[in-house]
Amino acid sequence: MKIKIFDDPMQMGFMAATEVKNQLNGKKDSVLILPTGSTPIPVYKNLVNMYNKGEVSFADAITFNLDEYIGIESDHEERYYNFMKRNLFSHVDIKEENINIPDSRTQDCEAECVKYEKKYRASGCADLALLGIGNNGHIGFNEPGTSFDSVTHVTHIAESTIKANSRFFASEDLVPKAAMTMGISTILSAKKIFILITGKAKHDILMKLISSNEADESIPATALRLHKDVTIYADREAAGLI
Ligand code: PGA
């Protein structure tokens, strides 16, 4: 795993966005795995700027989001489909039919996950995956204990994640308790992976991630050690004295 350390989240966002831009300029129909959460917002802001300057187009890009809440209202601003529209998709030229996010409106989430995995694999898998990380080491909604062989599935959200995500909801009770998420093996199928880690609160998990070479299901992000092309994009606050 390589690590790149930037002065602040905006600089991290600019450099990660530049890599996404280069990826799309090198292969217009790139398949991208995209995350939600607060960490990727500077990446999306920079991509929108680059698009506005004519430096990049999403016209042929195909995106798969990592995950989606179950049991969230269609118009809720924390529904990840709405998050992605607000932060990226409404501002660039991506085609609606090339946007893939597990559909939270379905009656049958298990079937939706099977369909999602199949569509993702049929795309040829991601050229580039961007990931965030939870304080407990989750990637997507793959919480501690998730099998490294997992594919897209329905999962319970860990208590600590519900607490962390409650900052986006009026109260903790309103945070959904379940989600659909790409599995660990789905994520590892990407040809190249960037994991974005910013802020002091993520320092401990970043240290755990780089402190050994063992992949351990109790810290899902350590699965990334099994992949040959992973780069950590960290800011100075997360990196501390590294
Ligand atoms: P955050 O979430 O970017 O809002 O910290 C990351 C995650 O939980 O994967």
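The values are calculated or read from the model by the stated rules, or taken from the named source; none is laboratory data. Treat the numbers as computed from the prediction; the structure is a model and nothing was measured. Note that each Cβ is placed from the backbone with ideal geometry, even for glycine, and that neighbours are counted across all protein chains shown.
Filtered by the rule that a residue be more than 17 Å from the chain's Cα centre (by Cα) and closer than 13 Å to P176 by Cβ, segment 75-91 gives a lone residue, H76.
Restricting attention to segment 22-57, the residues that are in a loop (DSSP other than H, G, I, E, B) and among the polar types (S, T, N, Q) add up to 5. A Cβ distance below 7 Å, combined with a sequence gap of six or more or placement on separate chains, defines the contacts here; from segment 152-165, residues that are farther than 18 Å from I187 by Cα reach residues that are more than 11 Å from the ligand (Cβ to nearest atom) and among the β-branched types (V, I, T) in the pairs I162/V175; N165/V175. The residues in segment 17-46 that are crowded, with 23+ Cβ neighbours inside 10 Å, hydrophobic (A, V, I, L, M, F, W, C) and within 16 Å of the ligand (Cβ to nearest atom) can be counted, and the count is 4. Going through segment 207-231 one residue at a time, which ones are under 15 Å from the mean Cα position of the chain (by Cα) and farther than 13 Å from G137 by Cβ? Result: V230, T231. Restricting segment 133-151 to residues that are hydrophobic (A, V, I, L, M, F, W, C) and assigned to a loop (DSSP other than H, G, I, E, B) leaves a set whose member that is nearest to the ligand (Cβ to nearest atom) is I133. Contact list please: Cβ distance under 7 Å, first residue in segment 79-95 and touching a residue at least 40 places away in the same chain (Cβ under 8 Å), second residue of a type in the set (F, W, Y) and assigned to a helix (DSSP H, G or I), pairs at least six apart or on different chains. Note: pairs meeting the criteria are N87/Y44; L88/Y44; H91/Y51; V92/Y51. Within segment 55-75, being over 19 Å from A17 (Cα atoms) and surrounded by fewer than 17 Cβ atoms within 10 Å (Cβ to Cβ) holds for G71, E73, S74, D75. Of the strands (runs of 3 or more DSSP E) entirely within segment 165-238, those holding at least 1 residues that are of a type in the set (D, E) and within 16 Å of the ligand (Cβ to nearest atom) occupy 230-235. For segment 47-82, a residue qualifies if it is within 14 Å of the ligand (Cβ to nearest atom) and polar (S, T, N, Q), and exactly one does: N65. Put simply, of S147, S104 the only residue that is polar (S, T, N, Q), buried (at least 19 other Cβ atoms within 10 Å of the Cβ) and either closer than 26 Å to I197 by Cβ or touching a residue at least 60 places away in the same chain (Cβ under 8 Å) (or both) is S104. Of everything listed in (1) farther than 28 Å from K228 by Cα; (2) away from the ligand (no atom under 16 Å from the Cβ); (3) at pLDDT 95 or above; (4) in a loop (DSSP other than H, G, I, E, B), the single unmet condition for S104 is (3).
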